[in-house]
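Any read-out appearing in this document is the output of simple, stated calculations on the displayed coordinates, not a laboratory observation. Note that the coordinates shown come from a computational prediction; the quantities given were computed from them, not determined experimentally. Glycine gets a Cβ as well: all are built from the backbone with ideal geometry, and neighbour counts include every protein chain shown.
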Amino acid sequence: MPEKSKNFINSIDSLLSSEQKQIPIDISLEESVKSFLSRYQDVVERHQIYAQQRNKVDYLLIKRFLLTAYNNLTEMDLSIGRGRVTDPYHKLKNVEKNYEALDRFIKKPIEEVFDIVFLSKQISFKKIEKDIVRSKKVSGMYEGRVKALGNDLEILKNELELLEKGTPEYEKKEALFKKLNSSYTDTIQDNNELKAKLAESTVIIKEYKETNLAKFKIGFDENLKTIKDDIIIVLNGLSYTFDQILWEEARESIAIRKFFANSKIEGSFSSKTYLKYFLKNIDEKTKNTEFQELQTLYKYLEKNSTRYIFIVGRNSDEIAATKFNVEQIDKDYIVKATTDSEKVNVQYTREPFHLLIIDDDLVDRNFLDVIEEFWKQFATAKRDVGILVRFEDPQYEDIIRAGKAGIKNFMFKNKDEKTFIRKIKEII
């Protein structure tokens, strides 16, 4: 048998178990899926801070409008795109790019995904597959040789019938006929043996693919759902952060404040307020599916704009008045108040709040101890909850300590109501 055929058969026999006739798995299904998704897992891990924050917004729902708002605002004031919003913007686009790449990949036929994620990592399988392709070419060469030898034998046979037996020429052609016939028989035998091994290997390859594809679908779908959900959670958090910083910057822009005033846009500087204005100015003729999507987004933002505020103070009448004043600022504000500082952590466990307004002259404890204990018990509270300290009689030591702790929002109790309202809106 020619060397190429022997190599193929020996290769197949060495790679397959002689008893079970199975192709070994070099890298498990679990490992291959994990390896493929590691890139996306890394993206999630690098942005865990956004996944862990309490405040989020539906990325899939808001992404198009958020980008529109960003583009419009940066056109009004170029400095917006160069300020604090730059970091969350680039992070959002990077995570979004990875999410879209994953989404495009998983829309491929599952067989193609299986080939890329699993089969491409199986050295034994790929070697057999390569040998099969090469040996099919060898089998084709055998068939061509058999055909050529058959033609030569037919010609020699006819020539021998015309020659007299025993003559030198007859004996010479007879010897050649026997040699070619032997080669013809050996080639047919070798090709039959090769075809048998090819047929066997093809069946084994087919079974290998079918068996592992079925397992792959289950394992890949489970892991894929987890990683997609994780990325979406990151995008939800990042979208919220980007949205908040975008409008914080817009609020400080003279050009954008002028635009809001000239356009008679009422409400806070937010995506909800801008979207309401945006919807009012859409031409009736262009109201289509996109318009319906924006209306859905507005309803979502309206529903999710509720802000919970918790007030802790010394005097019951005073905090009741503060509660009333805060409730008048925005219908979306839900306010609760107490003189018992021990209820801060209890309230946050029951109903997480977005803003804590706390007075410096509490009866039972130092206000900084209350805040630091709150931060200690709830790991993400320092990032998720705004804090406004109202001073009655500020002590220098308390101000220094508060600043070192990271508390940035202070005001005196005797400040006018407009200053108080503006401060709350800035924090919220």
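Got the relative contact order for the chain handy, in percent, Cα pairs under 8 Å and 6 or more residues apart?
Numbers: 406 pairs, mean separation 81.1, N = 428.
Relative contact order, the chain: 19 percent.
Using a basic spin-label model with each label point 7 Å from the Cα along Cα→Cβ, how many nm lie between Lys413 and Asn223?
6.1
How far, in nm, would the chain grow between Arg401 and Glu252 when pulled straight, counting 0.36 nm per residue and subtracting the alpha carbon separation?
Values: separation 149, 0.36 × 149 = 53.64 nm, distance 2.86 nm.
So the extension gain works out to 50.8 nm.
Using a basic spin-label model with each label point 7 Å from the Cα along Cα→Cβ, how many nm lie between Leu180 and Ser120?
Simple spin-label model gives 5.0 nm for this pair.
Pick out, in residue order, every one of the GluC sites (Glu not before Pro) in segment 164-248 that is DSSP loop and has at most 10 other C-beta atoms within 10 Å; say none if there are none.
Glu164
What is the calculated FRET efficiency for Lys280 to Arg383, with r their C-beta to C-beta distance and R₀ = 22 Å, to the nearest 0.05?
Numbers: r = 35 Å, r/R0 = 1.58.
So the FRET efficiency works out to roughly 0.05.
In whole angstrom, how far apart do the alpha carbon centroids of segment 127-190 and segment 222-273 sit?
Computed from Cα coordinates, the inter-centre distance equals 80 Å.
Quick check on the chain: helices-only [θ] at 222 nm, where DSSP H runs of length 4 and up contribute -39,500 (n - 2.57) each and the sum goes over total residues. Nearest 500, please.
Working: 17 runs with 300 residues, N = 428.
It comes out at -23500 deg cm²/dmol, rounded to the nearest 500.
Under the 0.36 nm per residue contour assumption, what length would be gained going from the current alpha-carbon distance of Asp58 and Glu302 to full extension?
Values: separation 244, 0.36 × 244 = 87.84 nm, distance 1.28 nm.
My answer for the length gained is 86.6 nm.
Taking R0 as 45 Å, what FRET efficiency do you get between Asp152 and Ile25 from their Cβ-Cβ distance, rounded to the nearest 0.05?
Working: r = 48 Å, r/R0 = 1.06.
For Asp152 and Ile25, the calculated efficiency is 0.40.
Calculate how steeply helix 289-303 sits against the longest principal axis of the alpha-carbon atoms of the chain, using the helix alpha-carbon long axis, and give the answer as 0 to 90 degrees to the nearest 10.
Rounded to the nearest ten degrees, it is 50.
For a test of the definition: using alpha carbon positions, the gyration tensor, and the 1.5 limit on a/c, classify segment 306-427 as rounded, prolate or oblate.
Details: a/c = 1.34, a/b = 1.09, b/c = 1.23.
Taking the square roots of the gyration eigenvalues as a ≥ b ≥ c, segment 306-427 is rounded.
Test of the criteria: in segment 262-350, which GluC sites (Glu not before Pro) are in a DSSP loop and have at most 14 other Cβ atoms within 10 angstrom of their Cβ? Spell out each step's value before the answer.
Details: sites: Glu266, Glu284, Glu290, Glu293, Glu302, Glu318, Glu327, Glu342; in loops: Glu266, Glu342.
Counting only loop positions with at most 14 other Cβ atoms within 10 Å, the GluC sites (Glu not before Pro) in segment 262-350 are Glu266, Glu342.
Any chance you could give the angle, 0 to 90 degrees and rounded to 10, that helix 86-106 forms with the longest Cα principal axis of the chain?
So the inclination is approximately 30 degrees.
With angles folded into 0 to 90 degrees, how steeply does helix 3-15 sit against the dominant principal axis of the chain? Use alpha carbons for both and round to 10.
Helix 3-15 and the main axis of the chain meet at about 50 degrees.
Cα-Cα over 19 Å: which of Lys127/Lys209; Lys93/Lys425; Lys376/Lys404? Could the numbers behind the result be given before it?
On the way: Lys127/Lys209 14 Å; Lys93/Lys425 28 Å; Lys376/Lys404 16 Å.
Long pairs (Cα-Cα over 19 Å): Lys93/Lys425.
What trypsin sites (Lys or Arg not before Pro) does segment 95-188 have in DSSP loop regions with at most 15 other beta carbons within 10 Å?
Working: sites: Lys97, Arg104, Lys107, Lys121, Lys126, Lys127, Lys130, Arg134, Lys136, Lys137, Arg145, Lys147, Lys157, Lys165, Lys172, Lys173, Lys178, Lys179; in loops: Lys107, Lys165.
When the trypsin sites (Lys or Arg not before Pro) of segment 95-188 are filtered for loop state and at most 15 Cβ neighbours within 10 Å, Lys107, Lys165 remain.
Kirkwood Rh over Cα pairs of the chain into Stokes-Einstein at 20 °C, 1.002 mPa s: D in µm²/s? Before the final figure, lay out the partial values.
Details: Rh = 28.8 Å.
My calculation gives 74 µm²/s for D.
Determine, for Ser253, Ser79, Ser183, the number of other Cβ atoms within 10 Å of each Cβ, and report the residues in order from fewest to most.
On the way: Ser253 18, Ser79 12, Ser183 15.
Taking fewest neighbouring Cβ atoms as first place, the list is Ser79, Ser183, Ser253.
What length, rounded to one decimal in nm, is gained on full extension from Arg39 through to Leu162, with 0.36 nm per residue of separation minus their alpha-carbon distance? Numbers along the way, then the final one.
Details: separation 123, 0.36 × 123 = 44.28 nm, distance 7.76 nm.
Full extension of this stretch gives 36.5 nm more.
For Lys418, give me every one of the lysines with a C-alpha distance below 26 angstrom, ignoring sequence neighbours fewer than eight places off in its own chain.
In chain and number order, the partners are Lys258, Lys264, Lys272, Lys276, Lys323, Lys331, Lys336, Lys408.
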